[in-house]
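The structure under discussion appears below in the form of structure tokens.
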2 protein chains.
Amino acid sequence: MSQSTALAGQSPATRTGFADMLSADDFKSAFRNHPAGVAVITADIGAGPVGLTATSVISVSANPPLVVFSLSSASSSTPTVKLAETVVIHLLGAEQIGLARNFATSGIDRFADTSIWSRLISGEPYLPSANAWLRGRIVNQMSAGDSTVVAVQVLQVDLPGDSGRNAKESRPLVYHNRTWHSLSEDSMVK
Amino acid sequence: MSQSTALAGQSPATRTGFADMLSADDFKSAFRNHPAGVAVITADIGAGPVGLTATSVISVSANPPLVVFSLSSASSSTPTVKLAETVVIHLLGAEQIGLARNFATSGIDRFADTSIWSRLISGEPYLPSANAWLRGRIVNQMSAGDSTVVAVQVLQVDLPGDSGRNAKESRPLVYHNRTWHSLSEDSMVK
């Protein structure tokens, strides 16, 4: 169903130019200092739930509602998410830092604590305590160097307040330079 | 050079399902509460500089170094950026909130203040005071609903310290719920 499109590195021309001047460390340093919201993406293709913490979720279109995120080939969840028809994207608040850490930890059973997850009626594993979640269908995937860029058409959104959670008490979680932050009135720039 | 790929909305099947349950307002609300780093993207195809503030810049691959961002069809700069061979992506710090506001304002000449911008040797307009900037070549574009997702292979990176700027003094700028924030030790979540 999903199309796979070679995204880059196909033409030798794109590898020349100033590429020799660019250090991979400089590239990583630049983005280490670029802050991002924190999400957990879950899926199940019939072999048990998988989930991973992602700081690459962006909204790209409202009509239709489309979201894009990036999956590293180094993540153990990537093969399953790439095969999934639908995924759930959870947008995390500061109180959910435990979820962010859990789904960023390698070599553990991330679903061992059965109190943190459940199943939607449609079957996907999900995290009921997340600030907000979006369920969507994968509509495209693009190979991009050592990662895959996944495009998701959102079908369903659950927002704070929908289940008795209070949006105003829910401060967002931010990842920056290998540390976790949250936003408040004190962090505002006038 | 760039390929254009239809990303979504091609198949009627992807528009059915739970689409009727999804309110565009709910979708927008979910992402309004999802924080993001702030960037300004500049380009010039020979008809003068253009630039726009973007909160959708993500790093998707380190080998080769690839970045993705989203361009709304509503932005006046979008037609030029889509035609550009190369772009400069500036990652902003809190002290550069003026640049973020300038390049997010419609109906003005965003380059009127000639003290804020210059030209790289390679010709692109750029903002020397930005926290960090990356120059890259557009290697793919994908139509995505009312937006275009642009993939850029990074050729050159300029980091704080490279031009006498001090990385440690440079707190990142964050956009959240229509307000600007910055991160500091006080915003850390332990």
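Below are the figures for this structure:
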{"item": "Meets criteria (among the hydroxyl-bearing types (Ser, Thr, Tyr) and modelled with pLDDT under 95) for A:Ser170", "result": "yes"}
{"item": "Subset of segment B:118-143 that is among the hydroxyl-bearing types (Ser, Thr, Tyr) and touching a strand residue (DSSP E or B) at 6+ places or on another chain (Cβ under 6 Å) - its residue that is nearest to A:Ala144 (Cα to Cα)", "result": "B:Ser143"}
{"item": "Close pairs (9 angstrom Cβ cut-off, 6 or more residues apart or separate chains): more than 14 Å from every other protein chain (Cβ to nearest Cβ) and buried (at least 23 other Cβ atoms within 10 Å of the Cβ) in segment A:122-137, modelled with pLDDT under 95 and part of a loop (DSSP other than H, G, I, E, B) anywhere", "result": "none"}
{"item": "Test: residue in segment A:97-117 that is facing another protein chain (nearest Cβ under 9 Å) and touching a strand residue (DSSP E or B) at 6+ places or on another chain (Cβ under 8 Å)", "result": "yes"}
{"item": "Condition check for B:Val60: more than 23 Å from B:Leu120 (Cβ to Cβ) and not aromatic (Phe, Trp, Tyr)", "result": "yes"}
{"item": "Residue in segment A:58-82 that is surrounded by the fewest Cβ atoms within 10 Å (Cβ to Cβ), counting only those that are among the aliphatic types (A, V, I, L, M) and at the interface with chain B (Cβ under 7 Å from one of its Cβ atoms)", "result": "A:Ala62"}
{"item": "Residue that is surrounded by the most Cβ atoms within 10 Å (Cβ to Cβ) [pool: residues in segment B:35-46 that are in contact with a helix residue (DSSP H, G or I) (Cβ under 7 Å, 6 or more places away or on another chain) and not in a strand (DSSP E or B)]", "result": "B:Val38"}
{"item": "Contacts under 7 angstrom Cβ, first residue in segment A:29-48 being more than 9 Å from chain B (Cβ to nearest Cβ), partner part of a strand (DSSP E or B) and small (Gly, Ala, Ser), 6 or more apart", "result": "A:Val40/A:Gly51; A:Ile41/A:Gly51; A:Ile41/A:Ala54; A:Thr42/A:Gly51"}
{"item": "Checking A:Asp44 against (1) at pLDDT below 95; (2) more than 23 Å from B:Ala36 (Cβ to Cβ); (3) of a type in the set (Asp, Glu), the condition it does not meet", "result": "(1)"}
{"item": "Residue list for segment B:67-109, restricted to those being under 18 Å from B:Asp158 (Cβ atoms) and in contact with a helix residue (DSSP H, G or I) (Cβ under 7 Å, 6 or more places away or on another chain)", "result": "B:Val87, B:Leu91, B:Leu92"}
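The values are calculated or read from the model by the stated rules, or taken from the named source; none is laboratory data. Predicted model only: the values in this text are computed from it and were never measured. Note that we place each Cβ from the backbone using ideal geometry, even for glycine, and neighbour counts take in every protein chain shown.
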